[in-house]
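**Q** I'd like to ask some things about the structure below.
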Amino acid sequence: MKPVILSVGVSGSITTREQNPNLPVTPAEIADSALRAWEAGASIAHIHVREDDGTPTARAEVYATVIERIRAGSDMLISGTTGSGSGLFSEDERLNVLSARPEIASFDAGSVNMGRRVFNNNPDFLDRLAAAIIQAGALPEIECFEIGFVANTVRRAKDWQFPGDGRTWWFQFVLGVSGASPGTANTLLAMRNELPPRAEWSVLGVGAAQLRMAHVALVEGGHVRVGLEDNVWYRRGELAQSNAQLVERIVRMAAELDRPVATPQDTRELLGLDQDPDTSAG
Ligand code: ZN
């Protein structure tokens, strides 16, 4: 059976300590939580960063600090966010993470309502973001909140040079967001069915959808992201203790379903990132 790539959304920019006091918020806490998740089986750390006082930031120096600390303690891959920090960051600031040389960078492939705001990924910005990610040598992690995001990315692939030479398409379905697609098996499989050939896909479900989406992905040959960015709960009425705890549960489920957990090296091979020394963590 194909190994399952486990990603951890360590902190995000929106989740707060009020929602879960176990949330890592300083640069050191974010890096250390990623390392504990790696020990538990995660091979990709999806990283947002915050200042020492916990304020979300997009400063390149802070990305570099967090990424260096993770690389000093592990061989996990870094997926840097290019998100807007819930509207805090300008389009320029959203590209800052690329200077810290993550192997993977998120590419939110369209605009969508999120709660009361619009997550703006307009066509001009997408062109610019695509060029910046490829230029930086990163693999785009194509975050799809809606099925049209998949179709439009495939349509634009040639212009954007996606997924990059020798690399595998890497899709992250984002389901259960208030304002967008529900976290149901029907939605997930419909999106999966629109993928181009030679694509790997992962899913993150927000809140209560996290466990359900993970289960479907394990059964259907997909990959899984969990973490406090997407879900602060372990189960109804019980807050998660850590990112590692959320990863450990998926590792147990994967074992029951005969899906070995991908090591970072397995993940590099699956995503076609193993042949480019320039972007390996070393
Ligand atoms: Zn994120």
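Each value in this text was obtained by applying a stated rule to the coordinates, not by laboratory testing. Fair warning: this is a prediction, and the values are worked out from it, not measured in the lab. Glycine gets a Cβ as well: all are built from the backbone with ideal geometry, and neighbour counts include every protein chain shown.
**Q** So in the chain, what percent of DSSP beta bridges are antiparallel if you round to the nearest 5? Spell out each step's value before the answer.
**A** Numbers: 7 of 38 bridges.
Percentage antiparallel, nearest 5: 20.
**Q** Hey, another quick one. Assign one of three labels to the stretch 1-147, namely rounded, prolate or oblate, based on the Cα gyration tensor with a ≥ b ≥ c the square roots of its eigenvalues; rounded applies when a/c is under 1.5, prolate when it is not and a/b is larger than b/c, and oblate otherwise.
**A** Details: a/c = 1.43, a/b = 1.22, b/c = 1.17.
Verdict is rounded for the stretch 1-147.
**Q** 5 Å is the cut-off here: which amide hydrogens, built 1.01 Å from N in the peptide plane, fall below it relative to Tyr234, excluding neighbours closer than 5 in sequence?
**A** Result for Tyr234 returns Leu239, Ala240.
**Q** Still on this structure, I have one more. With +1 on each Lys and Arg Cβ and -1 on each Asp and Glu Cβ, how big is the dipole of the stretch 142-273 about its Cα centre, in debye rounded to the nearest 20? Each step should come with its number before you reach the end.
**A** Values: 14 positive and 15 negative charges, 26 e Å.
Value, rounded to 20: 120 debye.
**Q** Please label the shape of the stretch 64-174 as rounded, prolate or oblate, based on the square roots a ≥ b ≥ c of the eigenvalues of the alpha-carbon gyration tensor (a/c under 1.5 means rounded; beyond that, a/b larger than b/c means prolate, else oblate). Could the numbers behind the result be given before it?
**A** Values: a/c = 1.72, a/b = 1.24, b/c = 1.39.
It comes out oblate by the Cα gyration axes.
**Q** Relative contact order for the stretch 83-181: what is it in percent, counting Cα pairs under 8 Å that are at least 6 residues apart? List each step's numbers first, then the result.
**A** On the way: 134 pairs, mean separation 29.7, N = 99.
The value is 30 percent.
**Q** Related question: Report, in whole Å, the centroid distance computed from the Cα atoms of the stretch 195-222 and the stretch 136-171.
**A** Going from one Cα centre to the other spans 17 Å.
**Q** With +1 on each Lys and Arg Cβ and -1 on each Asp and Glu Cβ, how big is the dipole of the stretch 79-136 about its Cα centre, in debye rounded to the nearest 20? Write down the numbers at each step before the final one.
**A** Values: 5 positive and 7 negative charges, 38 e Å.
Dipole about the Cα centre, nearest 20: 180 debye.
**Q** Okay, moving on. Relative contact order for the chain using alpha-carbon pairs under 8 Å, separation at least 6, rounded to a whole percent? Please list the in-between numbers first.
**A** Values: 594 pairs, mean separation 66.6, N = 282.
Relative CO of the chain lands at 24 percent.
**Q** I've got another one for you. Where does the chain land at 222 nm, in deg cm²/dmol rounded to the nearest 500, when only DSSP H runs of n ≥ 4 count, each adding -39500 (n - 2.57), divided by all residues? Walk me through the numbers on the way to the answer.
**A** Working: 9 runs with 101 residues, N = 282.
Helix-only estimate at 222 nm: -11000 deg cm²/dmol.
**Q** If I histogram all Cα-Cα distances within the stretch 1-75 using bins 5 Å wide from 0, what percent of pairs lands in each bin?
**A** 3, 17, 28, 24, 16, 7, 3, 2, 0
**Q** Could I ask something else about it? Percent relative contact order of the stretch 184-265, based on C-alpha pairs within less than 8 angstrom and at least six residues apart? Walk me through the numbers on the way to the answer.
**A** Numbers: 82 pairs, mean separation 18.3, N = 82.
About 22 percent, as a whole number.
**Q** Per residue of the stretch 203-211, in order, report the coupling 6.51 cos²θ - 1.76 cosθ + 1.60 (Karplus, θ = phi - 60°) as ³J(HN,Hα) in whole Hz, putting x for Gly and Pro.
**A** Each residue's phi maps through the Karplus curve to give 9, 10, x, 7, x, 4, 6, 4, 5 Hz.
**Q** Based on the alpha-carbon gyration tensor of the stretch 6-271 and its eigenvalue square roots a ≥ b ≥ c, which shape applies: rounded if a/c is under 1.5, prolate if not and a/b is larger than b/c, or oblate? Working shown, then result.
**A** On the way: a/c = 1.24, a/b = 1.06, b/c = 1.17.
The shape class here is rounded.
**Q** When the dipole is taken about the Cα centre of the chain, and only Lys, Arg (+1) and Asp, Glu (-1) are charged at their Cβ, what size is it in debye, to the nearest 20? Don't jump to the answer; show the numbers that get you there.
**A** Numbers: 26 positive and 36 negative charges, 140 e Å.
Its charge dipole is roughly 680 debye.
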